[in-house]
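What follows is one structure encoded as structure tokens, with my remarks underneath.
The values are calculated or read from the model by the stated rules, or taken from the named source; none is laboratory data. Keep in mind the model is a prediction, meaning the values are calculated, not measured. Here the Cβ positions follow ideal geometry from the backbone for every residue, glycine too, while neighbour counts run over all protein chains shown.
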Amino acid sequence: MNNSFGAWASRVGETFLERKPDLTAQWTYDIGIVLKGFEQLYHLTGNEGYFDYAKSVMDSFVQDDGSIKMYNRDEYALDNVNTGKVMFPLYKKYGDEKFKKAAEVLMDQLKNQPRSRNGVFWHKGSMPDQAFLDSTFMAGPFYAEYAKEFGEEADFDDVAKQFLMCEAYLRDAATGLLYHACDLSKKAPWSNPDTGLSESFWGRAMGWFCMGIADALEFFPKDHADRQKLADALDRALTALVKVQSPRGVWYQILDKADKPGNYLEASASIMFTYAMAKGIRLGLVDKAKYEQALEKAYHGIINEFITITNQGLVNLNKVCQTASLGAGVHDGSFAYYISEPIVSNDRRSFGALIRLCALMESSEG
């Protein structure tokens, strides 16, 4: 995976630090994406400061007894689990029991998380019977790493179920693309009354799924019965995505509507797909020969399409969908809704994903 554009990972990471964002104001999932990026930067460069930064942020949340400031288990929001992924490397490096205890606190949520009739996690307690692609990323890799470090073999079975059942619910047979969510009760205003599915193939939602599988499989036992099933699900998703990859190498906000007025090339989804492709190749989950050209085209496309440099030499990441959710009112999952959401620069979760992608690409060279 030759990077003819030079070293971007440290440049992106240093830009993030230079802007001095406050990651301690609220327990949110994007903190975990950013700090996993700095963990990868540490492994790439050996710079202890990157790991120390992650520890300083987590120290502001995690108390000596493992309790987490501003975390509310009773919300049963899977988004709240994602930042828990940082506990494992911190515990391994520093040996502080509070990080293990905090991981146990979040695992307790998963053990009690409300589920649909088929055993799939609700996205949050206030969304009964609703399965979201987002959930697979937020909870899956954490659950898998917990199983590897502290759990049981049966935990891996449940991790696999979450991914495979979501794919079964949300995959469109004609295109291979995945819908954002479904309501198994078919009661949500955005759900199709016949299928329960949401309307659109939203890029970032499918990005969560692809990143989630690639990250979770890093922790699966090589001989686990569902490991190949998960790798096949990743391959199916990437195959579908390559078919809708734009000539510029990146992807549209709504994946299958390239020519529809208002649609646009979107950074966060493009970064996530490229990361999943690169990691899938690196872990031997997908065929390198099948995806290497698409990967190279995508990585170059991200640099060319979405990145600009300020007069001060800082990296800007542009053309990011600020947020999109499914709910009542205007959050109806339609094409018009997804393209109406604000387009921003330097969104934290997307900047964190960019750090992770660049570090992965640079660590994969040679």
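Among the listed residues K186, K148, identify the single one that is in contact with a helix residue (DSSP H, G or I) (Cβ under 9 Å, 6 or more places away or on another chain) and of a type in the set (K, R). Please lay out each step first, then the result.
Numbers: K186 fails: in contact with a helix residue (DSSP H, G or I) (Cβ under 9 Å, 6 or more places away or on another chain).
Step by step, each of K186, K148 is checked, and only K148 is in contact with a helix residue (DSSP H, G or I) (Cβ under 9 Å, 6 or more places away or on another chain) and of a type in the set (K, R).
From the list D134, D235, D155, pick out the single residue that is touching a His at 6+ places or on another chain (Cβ under 8 Å) and either of a type outside the set (S, T, Y) or part of a helix (DSSP H, G or I) (or both). Spell out the reasoning first.
Values: D235 fails: touching a His at 6+ places or on another chain (Cβ under 8 Å); D155 fails: touching a His at 6+ places or on another chain (Cβ under 8 Å).
Exactly one residue qualifies, and that residue is D134.
Using beta carbons and a limit of 8 Å, which pairs, at least six apart or on different chains, have the first residue in region 326-349 and within 30 Å of T15 (Cα to Cα) and touching a residue at least 40 places away in the same chain (Cβ under 8 Å) and the second one β-branched (V, I, T) and in a strand (DSSP E or B)?
These pairs meet every condition: Y338/I254; I339/I254; I343/V320; N346/V320; D347/V320.
Among the helices (runs of 4 or more DSSP H) lying completely within region 260-366, list those that include at least 1 residues that are in contact with a Pro (Cβ under 8 Å, 6 or more places away or on another chain). Break it down stepwise before answering.
Working: elements: 267-282, 288-306, 335-340, 348-363.
Here the list reads 348-363.
Among the residues of region 282-299 satisfying the criterion of being out of contact with any Ser or Thr (no Cβ under 8 Å at 6 or more places or on another chain) and touching a residue at least 60 places away in the same chain (Cβ under 8 Å), which is nearest to L360 (Cα to Cα)?
L283
Give me the residue from region 27-45 that is of a type in the set (S, T, N, Q) and over 20 Å from T323 (Cβ atoms) and, out of that set, surrounded by the most Cβ atoms within 10 Å (Cβ to Cβ).
Let us first name the residues in region 27-45 that are of a type in the set (S, T, N, Q), namely 28, 40, 45.
Right, trim to over 20 Å from T323 (Cβ atoms) and you get 40, 45.
On the way: Q40: 22, T45: 17.
Among those residues, the one meeting the criterion is Q40.
Which residues, taken from region 57-73, are under 23 Å from the mean Cα position of the chain (by Cα) and either without any contact (Cβ under 8 Å) to a residue 24 or more places away in the chain or closer than 23 Å to W122 by Cα (or both)?
Residues satisfying the conditions are I68, M70, Y71, N72, R73.
Restricting attention to region 177-204, which residues are in contact with a Ser or Thr (Cβ under 6 Å, 6 or more places away or on another chain) and closer than 23 Å to L241 by Cα?
Taking region 177-204 as the starting set, the residues that turn out to be in contact with a Ser or Thr (Cβ under 6 Å, 6 or more places away or on another chain) are 179-181, 183-184, 190, 199, 204.
Within region 177-204, Y179, H180, A181, E199, R204 qualify.
List the number of the failed condition for D223; all other conditions in (1) over 22 Å from E145 (Cα atoms); (2) free of Cβ contacts under 8 Å to residues at least 24 places away in the same chain hold.
In the conditions (1) over 22 Å from E145 (Cα atoms); (2) free of Cβ contacts under 8 Å to residues at least 24 places away in the same chain, D223 misses (1) alone.
If we keep just the residues of region 301-334 that are under 18 Å from A269 (Cα atoms) and of a type in the set (D, E, K, R), which is surrounded by the fewest Cβ atoms within 10 Å (Cβ to Cβ)?
Filtering first and then ranking leaves E305.
With the structure loaded, tell me whether A216 is surrounded by 20 or more Cβ atoms within 10 Å (Cβ to Cβ), over 19 Å from F335 (Cβ atoms), of a type outside the set (S, T, N, Q) and in contact (Cβ under 8 Å) with a residue 60 or more places away in the chain or whether it fails that test. Working first, answer last.
Details: surrounded by 20 or more Cβ atoms within 10 Å (Cβ to Cβ): yes; over 19 Å from F335 (Cβ atoms): yes; of a type outside the set (S, T, N, Q): yes; in contact (Cβ under 8 Å) with a residue 60 or more places away in the chain: yes.
In short, yes.
Here's a check for you: in region 257-300, which residue that is surrounded by 21 or more Cβ atoms within 10 Å (Cβ to Cβ) and of a type in the set (S, T, N, Q) is nearest to L217 (Cα to Cα)?
Checking each candidate, the answer is T274.
Just for region 97-156: of the residues that are under 19 Å from F219 (Cβ atoms) and modelled with pLDDT under 95, which one is surrounded by the most Cβ atoms within 10 Å (Cβ to Cβ)?
The qualifying residue surrounded by the most Cβ atoms within 10 Å (Cβ to Cβ) is G151.
Regarding region 243-254, can at least one residue be identified that is on the phi > 0 side of the Ramachandran plot, in contact with a helix residue (DSSP H, G or I) (Cβ under 6 Å, 6 or more places away or on another chain) and not basic (K, R)?
yes
How many residues are farther than 27 Å from Y146 by Cα and out of contact with any Gly (no Cβ under 9 Å at 6 or more places or on another chain) when one looks only at region 198-220?
The initial filter retains those residues of region 198-220 that are farther than 27 Å from Y146 by Cα, namely 198-203.
Among the residues that remain, those that are also out of contact with any Gly (no Cβ under 9 Å at 6 or more places or on another chain) are: 201, 203.
Of the residues in region 198-220, 2 are farther than 27 Å from Y146 by Cα and out of contact with any Gly (no Cβ under 9 Å at 6 or more places or on another chain).
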